[in-house]
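Only the coordinates and a few stated rules stand behind these numbers; no lab work does. Quick caveat, the model's predicted, so the values are computed rather than measured. In this analysis, Cβ positions are derived from the backbone assuming ideal geometry, glycine residues included, and neighbour counts consider all displayed protein chains.
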Amino acid sequence: MVYCPRPMHDAPSLSSDTPRLAALIVAAGQGLRAGGDIPKQFADYQGKPLLRHSAEAFEAWDAAPAIFVVIGEGQAALAEAALAELNDIFFVTGGTERSDSVRLGLLAIAARGGADRVFIHDAARPQLSVDVLDRLNVALDQNPGAVPVLPVVDSIARGADGVIEQAVERAHLWRIQTPQAFHFDAVLAAHLAWPSDQAATDDSQIARAHGLAVALVEGDEALAKITFAEDFAVPHAPVPPSAPSMMVRTGIGYDVHRLASGEELWLGGIRIEHDKGLAGHSDADVALHAITDALLGALALGDIGEHFPPSDPQWRGADSAQFLAHAASLVKAKGGTIANIDLTIICEEPKIGPHKASIQQRIANILQLRPDQIGVKATTTERLGFTGRGEGIAAQAAASIMVAG
């Protein structure tokens, strides 16, 4: 059974873009080891349902895959509540085993027109980064499959009856994570050929059994799997005693663009209906530009114009979300994290109040933060100055980050 919480004509088409990407989030388990009154994928983790973290990560990715979520029988209400207000989510009822659920999810994608590439992800791994997705996508240019992995750093041994029998060479051992990415037609054929009475450890095993080469790409320690109740209480990996101390750094950003007829109005990553839009070389989103500059300032890495010169034609009409995502990736590259963003939009029209929640959620999605880490305010200048005369819109932002001192 395939259904959507919205009318089917609102669902994404998988037949236009090349390559066509689909995300398949597996969330059909009962999560018994995590305890609680509801399956763990719907339980609260860092302020929102565990499942929502993965869905938001895929939604924020520039590659914009269509998102399919496999859930268990009778979990529709929980799933719809967990993903409320997210756009174009398909729900698919899964099977008894994980491999059954994945197969049913792949068949649902095929029924909606198929895809060129599919990213199969476990909902129990909430800290999904754009960097991992990008690495997998690049690997698929040369390989039918790819998985994120981490090296095994501990000594490994086989043992029985409480004693070590044999040491195991760890040089070629890897810890496999999700999402696992594949050419869609190839992995669908592999799942259809897999014996129904045989258990599978993961999708890469099924793919390799069908003769598919699966590439290894760098994983992410943050992609740890939430399994037990105590995992919900430990949102981040413990910091080793030798880890460097962290310091708070703050940046401030400010941007202005003029209002002009015939332009679309983009503010905070969302399109707002208005009789005028902001004019600029990109989409002129002053809110995202101000936040980008604030993050760059906190890193002492210049301003948005140095990273995305307006003289470069490739940025003409560009989505400013990619500028903000770039700034966030620079924070991560420094080993840092974004603590919070405080944004103020300054204009007379349009009224920002009705759009604040959507702007807050969109910025949180781009930065892979919780909405309560994003402050969004709006003010006027009491009809004074260029914003008061309706000639333009301004935005200012402050960003606090944590980086190694």
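Table for the structure above
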item: Fewest-first ranking of Arg158, Arg98, using other Cβ atoms within 10 Å as the exposure measure; result: Arg158, Arg98
item: Region 284-405, relative contact order in percent, only Cα pairs under 8 angstrom and at least six apart counted; result: 37
item: The chain: angle of helix 50-60 to the longest principal axis, Cα-based, in degrees nearest 10; result: 60
item: Solvent-free Debye scattering, log10 I(q)/I(0), computed from the Cα coordinates of region 246-404 at q = 0.10, 0.17 Å⁻¹; result: -0.33, -0.94
item: Residue of Ala364, Ala327, Ala160 that the Gaussian network model of the chain assigns the largest fluctuation, springs spanning Cα pairs under 10 Å; result: Ala160
item: Mean Cα-pair separation over length for the chain, i.e. relative contact order, pairs under 8 Å, 6 or more apart, %; result: 15
item: Rg/Rh ratio calculated on Cα atoms of region 37-120 (Kirkwood radius); result: 0.95
item: Candidates Glu221, Glu165, Glu348: whichever shows maximal mean-square fluctuation once the chain is modelled as a Gaussian network with Cα springs under 10 Å; result: Glu165
item: Residues Ala279 and Glu218, FRET efficiency given R0 of 41 Å [Cβ-Cβ distance, rounded to 0.05]; result: 0.50
item: Unit charges on C-beta of K, R, D, E only; dipole of the chain, Debye; result: 260
item: Among Gly277, Gly390, Gly159 - extreme Cα towards positive end, dipole of the chain, charges at beta-carbon; result: Gly159
item: Exposure proxy order (Cβ contacts within 10 Å, fewest to most) of Asp202, Asp197, Asp131; result: Asp197, Asp131, Asp202
item: Charge-dipole axis of the chain as Lys and Arg at +1 and Asp and Glu at -1 on Cβ define it, positive-most pick from Leu369, Gln180, Gly113; result: Leu369
item: √(5λ) per eigenvalue of the Cα gyration tensor, the chain, largest first, Å; result: 40, 26, 20
item: Residue with peak Gaussian network fluctuation, the chain [Cα springs, cutoff 10 Å], from Val132, Val163, Val376; result: Val163
item: Estimated vicinal HN-Hα couplings, Hz - region 205-221 in sequence order (Karplus 6.51, -1.76, 1.60; Gly, Pro = x); result: 5, 5, 5, 5, 5, 8, x, 8, 7, 10, 7, 9, 10, 5, x, 8, 4
item: Label point at Thr380 placed 7 Å out along Cα→Cβ; residues across region 327-344 whose backbone nitrogen lies under 20 Å; result: 344
item: Cα-centred dipole magnitude for region 62-214, charges only on beta-carbon of K, R (+1) and D, E (-1), debye, nearest 20; result: 220
item: Contour excess over end-to-end distance, with Cα ends at Ala76 and Met402 and 0.36 nm allotted per residue; result: 113.5 nm
item: Note, ³J(HN,Hα) from phi for region 345-350, Karplus 6.51, -1.76, 1.60, rounded to Hz, x at Gly and Pro; result: 9, 10, 6, 8, 9, x
item: Cβ-placed point charges (K, R +1; D, E -1), dipole of region 246-404 about Cα centre in debye, nearest 20; result: 440
item: Amide H contacts under 5 Å for Val69, placed H, 5+ residues apart; result: Ile25, Phe90, Phe91, Val92
item: Average Cα contact separation per residue, region 281-338, under 8 Å, 6 or more apart, as relative contact order %; result: 44
item: Exposure proxy order (Cβ contacts within 10 Å, fewest to most) of Trp266, Trp174, Trp315; result: Trp174, Trp315, Trp266
item: For region 2-232, the spread of Cα positions along each principal axis, largest first, Å; result: 60, 43, 36
